[in-house]
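Chemist: Okay, handing you the structure first.
The values are calculated or read from the model by the stated rules, or taken from the named source; none is laboratory data. Please read these numbers as outputs of a predicted model, since none were measured by experiment. All Cβ positions, glycine included, derive from the backbone under ideal geometry; neighbour counts span all protein chains shown. These area figures cover heavy atoms from the full protein model, side chains too; ligands, DNA and RNA do not enter into them. Shrake-Rupley method; radii C 1.70, N 1.55, O 1.52, S 1.80 Å.
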Amino acid sequence: MTPGRDAEGELAGRFRALWDEIAPIGRDPDSGGYLRYAFTAPELALRDWFRAQAASRGMPVTADGNGNLFARWGDPEAGDAVLTGSHFDSVPHGGAYDGPLGIVSAFLAVDELRAAGVTPARPLVVAAFAEEEGARFGVPCLGSRLFTGALDADRAAGLRDADGVRFAEALGDRPAGARPDLLGGLSCFVELHVEQGRALVEGDAPVAVASAIWPHGRWRLDFHGEGNHAGTTRMADRRDPMLTYAFTVLAANKEARLRGAHATVGRVRVAPNATNAIPSRVTGWLDARAAEPETLAALVEAVRAKAADRADRDGTRLTVTEESVTPLVAFDDGLGGRLARLLDAPVLPTGAGHDAGVLAGHLPTAMLFVRNPTGVSHSPAEAATDADCAAGVLALARVLKELTCPRP
């Protein structure tokens, strides 16, 4: 499956035509970013699009009871299926490619295999996982965690969004939880994703294979103080949690830099959130990542200790709640090496979490990255050229042929 330049151009055109079908869905006209939160109208529209694409290819769709969708090509009773796909949901005002590229590319890879006359010996399944970003209910990779049993169904059912809507309400029922019947029928998982960095730009390559995902997690930091009047409360009398919060953000930045790690506080909630009032409570969310679990643990502990010390000096109080932690995920060496040799592609680590990181604990898993010329992700500036996306489709098609048509 190594088409010439004309065929690659034609595939790029077909990619663009399919991509344009979903590009307007959930796009904010002011920021240019996407508001595709799990089980909201835009994401539900994309789910309908998924079902329509599967139906047009004769691929029956199964829902697992956790919000995940699976479109199948091949014998419905056969095991050893090869899984591919990604997710539709976005972070607030996120980019177009993070998630949907893996699903669009999967359907186009099916088209490529069929056009080449390939009949898979193993079934091929395209997945659309739910709430990968955790932007609505706070737990990333929620659908894949439920599917694999990594998250308790009762806990997931009670998760609430910013408006107080429970996950079970949004889902329409209590989540089913672990599905060993479906998971046991899979032989491996390959997720294609836009690169969230500039390594492929610097290396002048359109596609790469992932080696590992850094350990990472989210912690909620609640700073409690004393609400009071901004104009009548002397500076010496204040117990202002915003000061403790601001110090903690700077401390997280410093501690991460000292360790070669990443720390981000990108979300904050203030009460009462009034211009002329000293806050009574500030809540921030720390996203921390590092190459090694020991470094991650040391980073979070250093931030906690510095924040607690500052809280004592400010007359405020700090509570830290671990919301999710994902350990180091080293993708299957055998599978990753096999795909890197097949594609003659570079191998890269990533600091971003993915459903592939969850599935990797249960079956051989690999990831493909498609070049992002801006290197920016989780932002409207996230990008990929149609030519590189076509290269990603061809790479995925080669991989899926290799995995679904084992050689004697």
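Chemist: If I take R0 = 41 Å and measure r between the Cβ atoms of residue 271 and residue 363 in this structure, what FRET efficiency does the formula 1/(1 + (r/R0)^6) give, to the nearest 0.05?
Modeler: The formula returns an efficiency of 0.40 here.
Chemist: Tell me, what is the percent relative contact order of the chain, built from C-alpha pairs under 8 Å that lie six or more residues apart?
Modeler: Rounded, it is 23 percent for the chain.
Chemist: Report Rg(Cα)/(2.2 N^0.38 Å) for the range 208-292, keeping two decimals.
Modeler: 1.40
Chemist: Can you tell me the FRET efficiency between residue 7 and residue 305 if r is taken as the Cβ-Cβ distance and R0 is 56 Å, rounded to the nearest 0.05?
Modeler: Result of the calculation: an efficiency of 0.45.
Chemist: Separate question: Given the range 283-408, what whole percent of its Cα pairs are spread farther than 23 Å?
Modeler: So the pairs more than 23 Å apart make up 52 percent of the total in the range 283-408.
Chemist: If you stretched the chain out fully between residue 28 and residue 341, how much longer would it get, using 0.36 nm times the residue separation minus the C-alpha to C-alpha distance?
Modeler: Result: 108.6 nm gained on full extension.
Chemist: Then there is this: Need one value: the accessible area of residue 165 in square angstrom, 1.4 angstrom probe, rounded to the nearest 10.
Modeler: Solvent-accessible area, nearest 10 Å²: 40 Å².
Chemist: Given C-alpha coordinates of the range 108-220, what is the ratio Rg to Rh with the Kirkwood estimate of Rh?
Modeler: My calculation of the ratio gives 1.04.
Chemist: Still on this structure, I have one more. Ranked highest first by the average count of other Cβ atoms within 10 Å around their residues, in what order do 364-371, 119-126 fall?
Modeler: Highest to lowest by the protection proxy: 364-371, 119-126.
Chemist: What full-extension length gain, to one decimal in nm, is calculated for residue 169 and residue 152 as 0.36 nm per residue of separation minus the Cα-Cα distance?
Modeler: 4.5 nm
Chemist: Here is a further query. Please build a GNM for the chain, connecting alpha carbons under 10 Å apart, and tell me which residue among 252, 106, 302 fluctuates the most.
Modeler: Sorting by GNM fluctuation, first place goes to 302.
Chemist: Right, next: Relative to the longest principal Cα axis of the chain, at what angle does helix 41-56 sit, 0 to 90 degrees, rounded to 10?
Modeler: For 41-56 against the chain, the angle is about 10 degrees.
Chemist: For the range 207-361, what are Rg and Dmax over the alpha carbons, in angstrom?
Modeler: 20.0, 70
Chemist: With a point put 7 Å past each Cα toward its Cβ, work out how far residue 52 is from residue 80 in nm, to one decimal.
Modeler: Taking the two extended label points, one gets 3.7 nm.
Chemist: Just to verify a number: FRET efficiency for residue 386 and residue 229, C-beta to C-beta distance, R0 = 51 Å, to 0.05?
Modeler: With a Förster radius of 51 Å, E is 0.35.
Chemist: Sorted by mean Cβ packing within 10 Å, highest first, what order do the peptides 190-201, 140-151, 66-77 take?
Modeler: 140-151, 190-201, 66-77
Chemist: Mind listing the Cα extents of the range 1-127 along all three principal axes, in Å, largest one first?
Modeler: That works out to 46, 42, 20 Å along the principal axes.
Chemist: In vacuo Debye scattering of the chain, one point per C-alpha: log10 I(q)/I(0) at q = 0.12 Å⁻¹?
Modeler: The Cα Debye sum returns log10 ratios of -0.96.
Chemist: Tell me, what % of the accessible area of the range 127-285 is carbon and sulfur with a 1.4 angstrom probe?
Modeler: Result for the range 127-285: 49 percent of the exposed heavy-atom area is carbon or sulfur.
Chemist: For the pair residue 162 and residue 379, how long in nm is the line joining their label points, each one 7 Å along Cα→Cβ?
Modeler: Simple spin-label model gives 2.0 nm for this pair.
Chemist: Stokes-Einstein diffusion coefficient for the range 95-139 at 25 °C in a medium of 0.890 mPa s, Rh from the Kirkwood formula over Cα pairs: what value in µm²/s?
Modeler: The estimated diffusion coefficient comes to 195 µm²/s.
Chemist: Please give the per residue accessible area of the range 1-74, computed with a probe of 1.4 Å over protein heavy atoms only, in Å².
Modeler: 47
Chemist: Where does the chain land at 222 nm, in deg cm²/dmol rounded to the nearest 500, when only DSSP H runs of n ≥ 4 count, each adding -39500 (n - 2.57), divided by all residues?
Modeler: -11500 deg cm²/dmol
Chemist: Using a cut-off of 10 Å between beta-carbons, work out the net charge of the residues near residue 85 (Lys and Arg +1, Asp and Glu -1, residue 85 not included).
Modeler: Combined, the nearby Lys, Arg, Asp and Glu give -2.
Chemist: Please provide three numbers in whole Å: the alpha-carbon extents of the range 65-124 along the principal axes, with the largest listed first.
Modeler: 41, 30, 12
Chemist: Separate question: In square nanometres, what is the average projected area of the Cα convex hull of the range 336-408?
Modeler: Mean shadow area of the hull around the Cα atoms is 6.0 nm².
Chemist: Calculate log10 I(q)/I(0) of the range 156-234 for q = 0.13, 0.20, 0.22, 0.26 Å⁻¹, where I(q) comes from the Debye formula with a single equal point scatterer on each Cα and nothing for solvent.
Modeler: -0.89, -1.09, -1.11, -1.18
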